[in-house]
């Protein structure tokens, strides 16, 4: 009997020991320190600090095939292309079920006429057995990194004309309507105030545009909403009715005061032009229309400064830091600060809204 | 129409077979039996990736992240936090949290709605710990035949941890749940970029929520939760699939009626049939929300491709778990199911933890072996030989693995 009791006790002890893995002492210490750090009175600052998660960007280089544009625009706003490339081969019917589920259940921004093209693409990259290029298994960090998007010749379709609201009252109503749509469809990436800081912003590369940092012409917004941004997670919104597209355009323009904050002196403009032609022209073009000799292969495409007028400070920031996830490089080692300022002034002078 | 579908499905199966095993793979098979997916054999090279606070995990998707735990980490009873798998649904996952400001909101059908800081939870409630397996509903989905869409996990969308925090019952008691409460819904901080995408919210029945085991965890294996596993708070629903274990838990709402939301009414549903099984050609029309974990047993060693030497003792080893009834026995076959041997069981680490099993073995003849493992629990449940459903949930087919003795 005594043996049984002793046996029971030692078994119990073993069980307890087991259940307190990974080591009760270790565990209690961790609990204490955690509780302590959560109490500001202890003065332990380091662990009470804001916790941040810097997400890596590992976008895939998706193969060229018909329907790629439609796929990229409808799908990769919410998830990376790996959601597709990890799937086994499916029939067109199965892909259609999935695409329709994405649209009906999750609100993917695609309309009926795009569905077939998206399925074409999903089918094509499976049917060929041609998986998108990706780095093979490796423990080497350098092997895994963001691959630049493949550039495609862009067959831009024209957006429908969006009539401008007549009187002031109509215009205000239009802007209000735009605010509602913006909150529903845009704020997740661009943020409530259009600053490019929505909930999904940290996950995306290139980052969603800061819509407060530039003036966007109606023409630019119209085309962008209609076609999306090639090589970026900005989808096409052509499934929205034209009056909603117009409202969005008006609302986005309301982020930015229309008054021009002065023009640069002629002298400075000449200096800026010289630097621009040396450094910026190959991509952004001699007139600033974003169609320089090197532009055709770039995605996202170089900015068209005739349709976008970025703020002075914003241009300087971009020249200093580049735009991660795009082909826009860092210029701070090539252009002095004074040159960068002159270039910024010159770029702003190129704005010619066609309206 | 039906014959067309069947033809398509047959063609598809052929395509999939070729894709899965290839010509070389087919030649290496020891018998044609392996047209059924064999979870632990022929493992493809996986891409490993390092995310913040995480060791190198298998990359399933990058945005939002789905990262799988490599098999070798299951040699430990408690899965290290840095190796614990990751699965988010919505792209806008929390990337910045100030634990000094964060508040857990409890409201709805209660007498006293509350807003609790992490500090409140740590200091004003009795700490509670439980060891429990957290397993994704779709763990092992890639082994379903015919294949189904979704995260193509192998067996690593699971982990075992010691969860520490506060009993949900204690929190609810503080708020005074009204007598007519029916369900409780849970929401995290994750958001979709599009407003049209339903917010991620799950619900539990009031009795389940107050069973004294469902808890709000602020620690995992004695440390803060990694951001990717739900820092600062995670709902822990022992014995239930991980879809209920809401990460970055932020809002608890007591409801006087049944909760209705996409993630309960449309997603994460299983056929209302024994073992959630259905026929690909005749999908079940009656479905219910996924709930308790199925009984499973898995191989940890040998790993796929592991080579053994004749005459050298080897310990075949693995894990078994269920939804809390407890593992009664585990049987292993080293000759493809002809004979079964009783495995040794390690001590229990709690009814919701997994339990390690071991079988010492001295390989006497060289050649290829196909191993199988099956578990039995105290409720008399057994594992199945075949399971399929459209979502690839709850896989608990008797596992097999192959190894070579030289």
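The values are calculated or read from the model by the stated rules, or taken from the named source; none is laboratory data. Treat the numbers as computed from the prediction; the structure is a model and nothing was measured. Positions of Cβ are generated from backbone atoms using ideal geometry, with glycine treated the same way; all protein chains shown enter the neighbour counts.
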In the range B:164-185, residue farthest from residue B:242 (Cα to Cα) [restricted to those that are assigned to a strand (DSSP E or B) and away from every other protein chain (no Cβ under 12 Å)]: B:177
What's the number of the condition residue A:351 fails, among (1) over 16 Å from residue A:214 (Cβ atoms); (2) out of contact with any helix residue (DSSP H, G or I) (no Cβ under 9 Å at 6 or more places or on another chain); (3) touching a residue at least 24 places away in the same chain (Cβ under 8 Å)? (1)
Name the single residue that is nearest to residue B:193 (Cα to Cα) among those in the range A:181-196 being touching a residue at least 24 places away in the same chain (Cβ under 8 Å) and within 12 Å of chain B (Cβ to nearest Cβ). A:189
Residue B:63 is checked against (1) touching a helix residue (DSSP H, G or I) at 6+ places or on another chain (Cβ under 6 Å); (2) within 13 Å of another protein chain (Cβ to nearest Cβ); (3) surrounded by fewer than 22 Cβ atoms within 10 Å (Cβ to Cβ) and fails just one. What number does that condition carry? (3)
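Residue by residue, here is whether (1) in contact with a helix residue (DSSP H, G or I) (Cβ under 6 Å, 6 or more places away or on another chain); (2) more than 21 Å from residue A:295 (Cα to Cα) holds:
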| residue | (1), (2) |
| --- | --- |
| A:194 | no, yes |
| A:215 | no, yes |
| A:218 | yes, yes |
| A:228 | yes, no |
| A:232 | no, no |
Please count how many residues of the range B:114-134 are touching a helix residue (DSSP H, G or I) at 6+ places or on another chain (Cβ under 6 Å) and either under 30 Å from residue A:90 (Cβ atoms) or in a loop (DSSP other than H, G, I, E, B) (or both). 2
Test residue B:238 against the criterion of being assigned to a loop (DSSP other than H, G, I, E, B) and within 19 Å of the chain's Cα centre (by Cα), and give yes or no. yes
Count, please, the residues in the range B:269-287 that happen to be surrounded by 12 or more Cβ atoms within 10 Å (Cβ to Cβ) and either touching a strand residue (DSSP E or B) at 6+ places or on another chain (Cβ under 8 Å) or assigned by TED's automatic domain parsing to the domain that holds residue B:331 (or both). 10
Filter the range A:98-121 for residues that are within 14 Å of another protein chain (Cβ to nearest Cβ) and assigned to a helix (DSSP H, G or I) and give the result. A:98, A:99, A:100, A:101, A:102, A:103, A:104, A:105, A:106, A:119
Qualifying positions in the range B:171-198 - in contact with a helix residue (DSSP H, G or I) (Cβ under 8 Å, 6 or more places away or on another chain) and under 21 Å from residue A:204 (Cα atoms): B:191, B:192, B:193, B:194, B:195, B:196, B:197, B:198
Would you call residue B:310 closer than 27 Å to residue B:344 by Cβ and outside any strand (DSSP E or B)? yes
Is the range B:69-76 home to any residue that is under 30 Å from residue B:318 (Cα atoms), without any contact (Cβ under 8 Å) to a residue 12 or more places away in the chain and within 12 Å of chain A (Cβ to nearest Cβ)? yes
From the option list A:220, A:255, single residue qualifying as touching a residue at least 60 places away in the same chain (Cβ under 8 Å), part of a loop (DSSP other than H, G, I, E, B) and away from chain B (no Cβ under 14 Å) is A:255
Considering only the range B:136-145, how many residues are within 13 Å of chain A (Cβ to nearest Cβ) and either crowded, with 23+ Cβ neighbours inside 10 Å or farther than 24 Å from residue B:390 by Cα (or both)? 3
Could you identify the single residue in B:150, B:92, B:156, B:100 that is within 12 Å of another protein chain (Cβ to nearest Cβ) and under 16 Å from the mean Cα position of the chain (by Cα)? B:150
Can you find, within the range A:197-215, the residue that is surrounded by the most Cβ atoms within 10 Å (Cβ to Cβ) among those that are in contact (Cβ under 8 Å) with a residue 24 or more places away in the chain and in a helix (DSSP H, G or I)? A:203
Could you pull out the residue among A:324, A:282, A:329 that is over 24 Å from the mean Cα position of the chain (by Cα), at pLDDT below 95 and surrounded by fewer than 19 Cβ atoms within 10 Å (Cβ to Cβ)? A:282
Counting only residues that are within 21 Å of residue B:396 (Cα to Cα) and at pLDDT below 95, the range B:303-333 contains a total of 2
Return the residue satisfying two criteria in turn: it lies in the range A:77-89 and is facing chain B (nearest Cβ under 7 Å) and assigned to a loop (DSSP other than H, G, I, E, B), and of such residues it is farthest from residue B:192 (Cα to Cα). A:89
Consider residue B:354 against the criteria (1) within 14 Å of chain A (Cβ to nearest Cβ); (2) more than 22 Å from residue B:162 (Cα to Cα): it satisfies all of them except one. Which criterion is unmet? (2)
Those residues of the range A:292-321 that are within 22 Å of the chain's Cα centre (by Cα), assigned to a loop (DSSP other than H, G, I, E, B) and more than 21 Å from residue A:212 (Cα to Cα) come to a total of 2
Hey, does the range B:127-135 have a residue that's farther than 30 Å from residue B:384 by Cβ, surrounded by 20 or more Cβ atoms within 10 Å (Cβ to Cβ) and not assigned by TED's automatic domain parsing to the domain that holds residue B:391? no
Take the range B:188-233 and flag every residue that is in a strand (DSSP E or B) and away from every other protein chain (no Cβ under 11 Å). B:188, B:201, B:202, B:203, B:204, B:205, B:215, B:216, B:217
